[in-house]
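Every read-out reported here was derived from the displayed coordinates using simple, explicitly stated rules and does not represent laboratory data. Every value quoted in this text rests on a predicted model; they were computed, and no experiment measured them. Cβ atoms come from the backbone with ideal geometry, glycine included; neighbour counts cover every protein chain shown.
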Amino acid sequence: MPVVFGSPHVAKVHQYAALLNGTRASPLHGDCKNPVGIEYRAGQDEALHRLKRWSEDETLDIAPGYGLVGDWLPSFRTSASLTVRCRKCGPCLKQRAKVWATRGQIELVASRRSWFGTLTLSPESRFIARLKADAAVSNSARWNDLDDTEQFKEIAKVIRREFQLFLKRVRKQSGARFRYLCTTEAHKDGFPHVHLLLHEVSETRVTKRLLEKQWQLGISHWRLVNNHDHKVPWYVAKYLTKSILAKPVASLRYGRPPLEALTETIGDAALGRSPAPENNPPSWLKSGAVHA
């Protein structure tokens, strides 16, 4: 059974939840068809207490993994059983898409403007990506021995690396700060391509021409989207419901920008004010609270 570690307070909350539900485990799986059982362990503060005693009393000795010599150190005092999502069945995939779509809606509201793009690879770039993926697994397996799923994963890794290089080039050429969410989807022939949302959080320096020029592996399509059009994040996130292979890649803490960002943006919209001018960005941007 998988094990996770945490605080005694959280473990007790899970124990109480299981008691209320009349079950042996705290139910956190929602509508998942194949819930997974895990064990939540807590109580490491006992080790810290004994270590403090040892550091303060020179007459005591300590043995790694056993605490004080001659005295067994219990690793954990509290544990709880949980049932969590399998993250693979249909309901779990829909829940995953819902979570990422909600995060995308939050980023839309908090950004100055947002772009929606689709990145595809030319036949030549496809061939090179496949060679790179083959080279990456050559030490452990032969490419032809991999099934379609494993081959898709390896090629998708190569494309995601190229996507990161694309973002670096856009940042360097524009000097802009932005956040992003991208998902990888399979073409009808099974080869991956990318859908993404790009949120500008600094001066609006990114242009359609720049985005198209910096994607050097094929054709890209870009358009500006309405920051209050909540259908756009759903369009990107819906690919997460099609297959477990559709892996989301996003900026750090995507969908959780500083509260000041949402407060100022929503407040401006309610009062009919336009966004802050480029030479006077909002306070959350001045403080550097948002990182591309």
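When each of 157, 172 is scored by the number of other beta-carbon atoms lying within 10 Å, the sequence from fewest to most is 172, 157. In a reduced charge model with +1 at each Lys and Arg Cβ and -1 at each Asp and Glu Cβ, the range 131-258 shows a dipole moment near 720 debye about its Cα centre. If you plug the beta carbon distance of residue 141 and residue 99 into 1/(1 + (r/R0)^6) with R0 = 30 Å, you get a FRET efficiency near 0.35.
For the range 92-132, what is the charge dipole size about the Cα centre, in debye to the nearest 20, if Lys and Arg each add +1 at the Cβ and Asp and Glu each add -1 at the Cβ? Value, rounded to 20: 140 debye.
If you plug the beta carbon distance of residue 3 and residue 34 into 1/(1 + (r/R0)^6) with R0 = 22 Å, you get a FRET efficiency near 0.70. The ranking of 195, 187 from fewest to most other beta carbons within 10 Å of each one's beta carbon is 187, 195. Spin-label model, residue 187/residue 243: points 7 Å from Cα along the beta carbon direction are separated by 1.3 nm.
The convex hull built on the alpha-carbon positions of the range 103-248 has an orientation-averaged projected area of 8.9 nm².
Pairs exceeding a 27 Å alpha-carbon distance, out of 12/94; 33/247; 94/231: 12/94. Relative to the current alpha-carbon distance between residue 19 and residue 207, full extension at 0.36 nm per residue lengthens the span by 62.0 nm.
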